[in-house]
Amino acid sequence: MADPQTALRQLPAVTTVLATREAEALVERHGRQATTDAIRKALHDLRQTYLPSGGSALARERAPSPSDVAGSAARLLDTLSTLRPVFNLAGTVLHTNLGRALLAHAAIEAAVAAMRHPVALEYDLDTGTRGERDDHVRSLLRELTGAEDATVVNNNAAAVLLCLNTFALRREAVVSRGELIEIGGAFRMPDIMARAGADMIEVGTTNRTHAADYRNALNARTGLVLKVHTSNYRIQGFTAEVGARELAGIADAAGVPLMNDLGSGSLVDLSMHGLAREPTVREAVQEGARLVTFSGDKLLGGPQAGFIVGDRALIGEINRNPLKRALRVDKVRLAAIEATLNLYRDPDRLASRLPTLRALSRTSGEIHAQALRLRSAMAERIGDAFTVEVVDCFSQIGSGALPLDTLASAALSIRPHGSQSALDGLAASLRRLSRPIVGRVADGALLFDLRCLDDADEPAFLAALSERNADRP
Ligand SMILES: *Cc1c(COP(=O)(O)O)cnc(C)c1O
């Protein structure tokens, strides 16, 4: 057996690694400087790995070959980009921190085409004169929601801000105390009101708000009445709220527009896909709200965007607000939005084409079968220190859509034979892969909810797990 210190010196030199065929390929792709840096880093990491044993672990095992080190360097270069794909096995479909909705194939194609070629973004091809950006989605949104007119901005937060600023600047905006929402990421209704320049007039109480509360608050300074969908919570028990239809009547009588912020909103009745009902945008329009706002990347399943649909005259005023220009969407997203909305014209095939709806409507039986199929391959790759079981679990929809409604699902549950810290170490190492795997820890087990693992992604998932072993001493 080699002496430990000598063993540490057996690690190959940078120049030796650079001379391998693998490293030559890296130089071709990433350049000599970046490749050399990555090899140095890989060798440094290996020394750190073997140092606690004074090199005796290395003396017992085969020393990493120059090719092995080049392989580690390749993985380091792969992980340089921090905004890279991950596996979302956390059990939340519309995970805000993981980018919410995945785009449909048609939307991706449209976005790529808009990146690659000039597009008639603000150009009327019929007349050869200047056109309007919103025209690409206006008629689709009118058709899908029944509203007179529509516009699109950066996200729903921007949509709410723009409506408030257009109609309640230096005026009053009336809202129920039961609907003063905070959405993750610092979207708080009172703060948005303040930044929009509106005086917030709170009415009612946390649990009960009545028609008279709104009527008493309306006056000559009122610019807007708000109805806000309590996306991420429910008030239960001794409660009262004024429905959108009745509130629209009250606002109309005072000559003030009602804005209904639906949050997620949905363009289709989700109960047709086995989910709980969420108010549709069409219903909100029919109930009489003059303006309805909703997100593009929640249940709608498109890119980040905020839609405002409603009365033509009001949308016209919004479009004349200089802030609109600051909040508009670019051509790439607009192309993806148009393609996504187009899918809604064919509701029969929506669930197979829209990844969000496909993930949400997968049955627990189907996911359970997938978990059984992957269990042993996973156990093999995770190693003997853990047991892998198939367990029942519940997925969340996420992004504040249907907060109390969970979906029966199945997960691979990983438990350590030894200490809990082994599990934390495993979870951390899986987050460091070139395509990280994100799960959740519950009751001392690491859970991988497979609802969001597309069948087509299974080989990539298993390959990612194998990569972990490649860097093990
Ligand atoms: C999510 C949500 C918003 C913010 O929408 P983003 O698209 O995330 O900006 C605003 N209001 C409600 C009710 C929401 O649920």
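The table for this structure:
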| read-out | value |
| --- | --- |
| Strands (runs of 3 or more DSSP E) enclosed by region 376-473 - at least 3 residues per element that are in contact with a helix residue (DSSP H, G or I) (Cβ under 9 Å, 6 or more places away or on another chain) and either away from the ligand (no atom under 16 Å from the Cβ) or of a type in the set (Phe, Trp, Tyr) (or both) | 386-396, 406-416, 445-449 |
| Residue 331 being more than 15 Å from the ligand (Cβ to nearest atom), more than 29 Å from residue 253 (Cα to Cα), in the same structural domain as residue 166 (by TED's automatic domain parsing) and among the charged types (D, E, K, R) | yes |
| Pair list, Cβ < 6 Å and 6+ apart or interchain, from region 217-231 residues that are under 23 Å from residue 182 (Cα atoms) to residues that are assigned to a loop (DSSP other than H, G, I, E, B) and within 16 Å of the ligand (Cβ to nearest atom) | 228/181; 231/400 |
| Some residue of region 186-194 being modelled with pLDDT under 95 and on the phi > 0 side of the Ramachandran plot | yes |
| Region 335-365: number of residues that are surrounded by 15 or more Cβ atoms within 10 Å (Cβ to Cβ) and either outside any helix (DSSP H, G or I) or out of contact with any helix residue (DSSP H, G or I) (no Cβ under 8 Å at 6 or more places or on another chain) (or both) | 7 |
| Residues that are open to solvent by less than 20 Å² (accessible area, probe 1.4 Å) and within 28 Å of residue 287 (Cβ to Cβ), drawn from region 322-334 | 329 |
| Failed criterion for residue 372 (all others in (1) out of contact with any Cys (no Cβ under 9 Å at 6 or more places or on another chain); (2) within 16 Å of the ligand (Cβ to nearest atom) hold) | (2) |
| Residue in region 168-179 that is of a type in the set (D, E, K, R) and within 16 Å of the ligand (Cβ to nearest atom) present | yes |
| Sole residue being assigned by TED's automatic domain parsing to the domain that holds residue 116 and under 25 Å from the mean Cα position of the chain (by Cα), chosen from 339, 371 | 339 |
| Residue 465 vs. criteria within 27 Å of residue 46 (Cβ to Cβ), of a type in the set (A, V, I, L, M) and in contact with a Gly (Cβ under 9 Å, 6 or more places away or on another chain) | no |
| In region 217-254, the residues that are assigned to a strand (DSSP E or B) and within 16 Å of the ligand (Cβ to nearest atom) | 224, 225, 226, 227, 228 |
| Output for region 342-370, where each listed residue is of a type in the set (A, V, I, L, M) and touching an Asp or Glu at 6+ places or on another chain (Cβ under 9 Å) | 359, 367 |
| Members of region 37-58 found to be surrounded by 14 or more Cβ atoms within 10 Å (Cβ to Cβ) and of a type in the set (A, V, I, L, M, F, W, C), listed by number | 38, 39, 42, 43, 46, 57, 58 |
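For (1) within 16 Å of the ligand (Cβ to nearest atom); (2) farther than 16 Å from residue 300 by Cβ, each residue gets a yes or a no:
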{"position": "116", "(1), (2)": "no, yes"}
{"position": "122", "(1), (2)": "no, yes"}
{"position": "128", "(1), (2)": "no, yes"}
{"position": "140", "(1), (2)": "no, no"}
{"position": "145", "(1), (2)": "no, no"}
{"position": "181", "(1), (2)": "yes, yes"}
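The values are calculated or read from the model by the stated rules, or taken from the named source; none is laboratory data. Since this is a predicted model, take the numbers as computed values, not measurements. When we count neighbours, we look across all protein chains shown, and the Cβ atoms used for this are built from the backbone with ideal geometry, even at glycine. Surface areas here come from the heavy atoms of the whole protein model, side chains and all, with no ligands, DNA or RNA. Shrake-Rupley method; radii C 1.70, N 1.55, O 1.52, S 1.80 Å.
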